[in-house]
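J.: The following block contains the structure, expressed as structure tokens.
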Amino acid sequence: HYRIVYPAKHQFLGDLFEKLLNKGFKQNEGQFFTPTPITRFIWDSLPLEKVIHNKDKYNLPRVIDYACGAGHFLTEGVEAINAYFSHINNPDLVKNNSWVENNIYGIEKDYRLARVSKVSMFMNGAGGSNIIFGDGLENYPEKSIDKNSFDILVANPPYAVKAFKSHLKLKNNDFELLKYVSSDGSEIETLFVERIAQLVKPKGVSAVVLPSSILSNNSNSSYIAAREQLLKYFYIHSIVCFGSKTFGSTGTNTVVLFLEKRDEPPIREKIVEDSANLILNSLNVAEWEDKEIKAEYLKQIEVENDIYNILIDENKNIEDLKVNDYFKNYFVEYEKSKQKRKLDIRQYIKNREFEKI
């Protein structure tokens, strides 16, 4: 006879599901199943001890995959967390997988895959986990999926979905990056980058598979804004690059970003914003951190402090900046810009510099 329900994750089931899915499901709309060795590698690379062990107590982490597909990341996650508690000789905290009911969440937009994920979790001994048929970009507060509420996020979200914006129907959420996406744009992965920052708690961790273009595309403003989101909200601990053969059904090069959300409050972004305002509106940068930020920035753009102060000091002639290689491009851009009607050249350059600082 054959056994199909196990009390814990079983290799036979993982192999079976992967073969069935690769043959039986047409992978479209940016959906590509994550090979089990990669999901295992990602979980082995996450700092579970840091997330779980808090001083003298252990916390069962809340985990989400917001594009869970067939549930590979979640079954591996349950196994990894159970293995950690066995390793520290405290298996009773995860006995019978009863803990998954309040801690393991998956969202999947494809109804067939959502059902497959539920079955997979059940057959692997984690039937109490929460698999939601819905949009991974949406909040579901009634189902405990809300902002800043997860310790760990792991996912391989969709990408390159043509004209997705016209089909996006969100009731409980909105995105800063949506304004950068054109009506026929396909870069849905940029919204999933912003979604990481929404869902993960301060000091929480995430590992997300993304097309490598998220790090290199300079022709599309939504990719640039997505990178700004990553730098605003996360420490980037590691970037793992995969070749074009990693996902058999697509030739896209991919990366895994291992991220840790910055602690807050205070929100680091606001502190830097205050520093940028001070630098651009005063010659008296007294605080040590403001001084350090300014010095590092000037070093990066290779501009002397005295030259930069021409921009800051309203009493100095802004035209004197034209002779500087760094600033002369601003004058050219200003002449072409529609903002010329609204802003004088000094304010235009200050606005652009604020964005860079």
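J.: Looking only at residues that are touching a Leu at 6+ places or on another chain (Cβ under 7 Å) and open to solvent by 20 Å² or more (accessible area, probe 1.4 Å) in the stretch 81-102, which one is farthest from Lys50 (Cα to Cα)?
T.: If we take residues in the stretch 81-102 being touching a Leu at 6+ places or on another chain (Cβ under 7 Å) and open to solvent by 20 Å² or more (accessible area, probe 1.4 Å), then Leu93 is farthest from Lys50 (Cα to Cα).
J.: Follow-up. So which residues in the stretch 184-213 are assigned to a helix (DSSP H, G or I) and at pLDDT 95 or above?
T.: Within the stretch 184-213, Glu189, Thr190, Leu191, Phe192, Val193, Glu194, Arg195, Ile196, Ala197, Gln198, Leu199 qualify.
J.: Is it the case that the stretch 237-259 has a residue that's under 17 Å from Lys356 (Cβ atoms), at pLDDT below 85 and open to solvent by less than 20 Å² (accessible area, probe 1.4 Å)?
T.: Within the stretch 237-259, none of the residues are under 17 Å from Lys356 (Cβ atoms), at pLDDT below 85 and open to solvent by less than 20 Å² (accessible area, probe 1.4 Å).
J.: Pairs please, first residue from the stretch 332-344 and within 16 Å of Lys322 (Cβ to Cβ), second anywhere and open to solvent by 80 Å² or more (accessible area, probe 1.4 Å) and in a helix (DSSP H, G or I), Cβ atoms under 9 Å, 6+ apart in sequence or on different chains.
T.: Going by the 9 Å Cβ cut-off, the qualifying pairs are Tyr334/Lys340.
Each row is one residue, and each column tells you yes or no for (1) closer than 30 Å to Ile196 by Cβ; (2) of a type in the set (S, T, N, Q); (3) not in a helix (DSSP H, G or I).
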| position | (1), (2), (3) |
| --- | --- |
| Glu296 | yes, no, no |
| Tyr308 | no, no, no |
| Glu319 | no, no, no |
| Phe331 | no, no, no |
| Tyr334 | no, no, no |
| Lys340 | no, no, no |
| Leu343 | no, no, yes |
| Ile349 | no, no, no |
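J.: Also, quick follow-up: Can you confirm whether the stretch 137-154 contains a residue that is open to solvent by 40 Å² or more (accessible area, probe 1.4 Å) and of a type in the set (Val, Ile, Thr)?
T.: No, that holds for no residue.
J.: Exactly one of (1) surrounded by fewer than 22 Cβ atoms within 10 Å (Cβ to Cβ); (2) in a loop (DSSP other than H, G, I, E, B) is unmet by Leu230. Its number?
T.: With respect to (1) surrounded by fewer than 22 Cβ atoms within 10 Å (Cβ to Cβ); (2) in a loop (DSSP other than H, G, I, E, B), Leu230 is out only on (2).
J.: Still on this model: Given the condition closer than 20 Å to Ser213 by Cα and among the hydroxyl-bearing types (Ser, Thr, Tyr), answer yes or no: does some residue in the stretch 136-153 qualify?
T.: For the stretch 136-153, residues closer than 20 Å to Ser213 by Cα and among the hydroxyl-bearing types (Ser, Thr, Tyr): absent.
J.: Does the stretch 54-69 hold any residues that are under 21 Å from Ser98 (Cα atoms) and either part of a helix (DSSP H, G or I) or in contact (Cβ under 8 Å) with a residue 24 or more places away in the chain (or both), and which are they?
T.: Of everything in the stretch 54-69, those that are under 21 Å from Ser98 (Cα atoms) and either part of a helix (DSSP H, G or I) or in contact (Cβ under 8 Å) with a residue 24 or more places away in the chain (or both) turn out to be Tyr58, Asn59, Leu60, Pro61, Arg62, Val63, Ile64, Asp65, Cys68.
J.: With the requirement that a residue be touching a helix residue (DSSP H, G or I) at 6+ places or on another chain (Cβ under 8 Å), of a type outside the set (D, E, K, R) and not in a loop (DSSP other than H, G, I, E, B), what does the stretch 108-124 give you?
T.: Passing the criteria: Val116, Ser117, Ser120, Met121, Met123.
J.: Taking Asn124 as the residue in question, decide whether it is in contact with a strand residue (DSSP E or B) (Cβ under 8 Å, 6 or more places away or on another chain) and either closer than 27 Å to Asn253 by Cβ or not β-branched (Val, Ile, Thr) (or both).
T.: In short, no.
J.: Just checking, how many residues over the stretch 160-183 are open to solvent by 50 Å² or more (accessible area, probe 1.4 Å) and not in a loop (DSSP other than H, G, I, E, B)?
T.: 6
J.: I need a count of the residues in the stretch 124-151 that are over 20 Å from the mean Cα position of the chain (by Cα) and of a type in the set (D, E, K, R).
T.: Final tally of qualifying residues: 2.
J.: Taking the options Asp274, Asp325, Asp290, Asp320, name whichever one is open to solvent by 30 Å² or more (accessible area, probe 1.4 Å) and modelled with pLDDT under 85.
T.: On the way: Asp325 fails: modelled with pLDDT under 85; Asp290 fails: open to solvent by 30 Å² or more (accessible area, probe 1.4 Å); Asp320 fails: modelled with pLDDT under 85.
When all the criteria are applied, what remains is Asp274.
J.: Continuing with the same structure: What tally of residues in the stretch 253-266 results from selecting those that are over 17 Å from the mean Cα position of the chain (by Cα) and either of a type in the set (Phe, Trp, Tyr) or within 30 Å of Asp313 (Cβ to Cβ) (or both)?
T.: Total meeting the criteria: 1.
J.: Can you tell me which residues in the stretch 34-53 are in contact (Cβ under 8 Å) with a residue 60 or more places away in the chain and either touching a Leu at 6+ places or on another chain (Cβ under 8 Å) or assigned to a loop (DSSP other than H, G, I, E, B) (or both)?
T.: Result: Thr34, Pro35, Leu46, Pro47.
The values are calculated or read from the model by the stated rules, or taken from the named source; none is laboratory data. Since this is a predicted model, take the numbers as computed values, not measurements. Heads up, the Cβs are rebuilt from the backbone with ideal geometry, glycines too, and the neighbour counts pull from every protein chain shown. When the accessible area is computed, the model is the full protein with side chains, heavy atoms only, and any ligands, DNA or RNA have been set aside. Shrake-Rupley method; radii C 1.70, N 1.55, O 1.52, S 1.80 Å.
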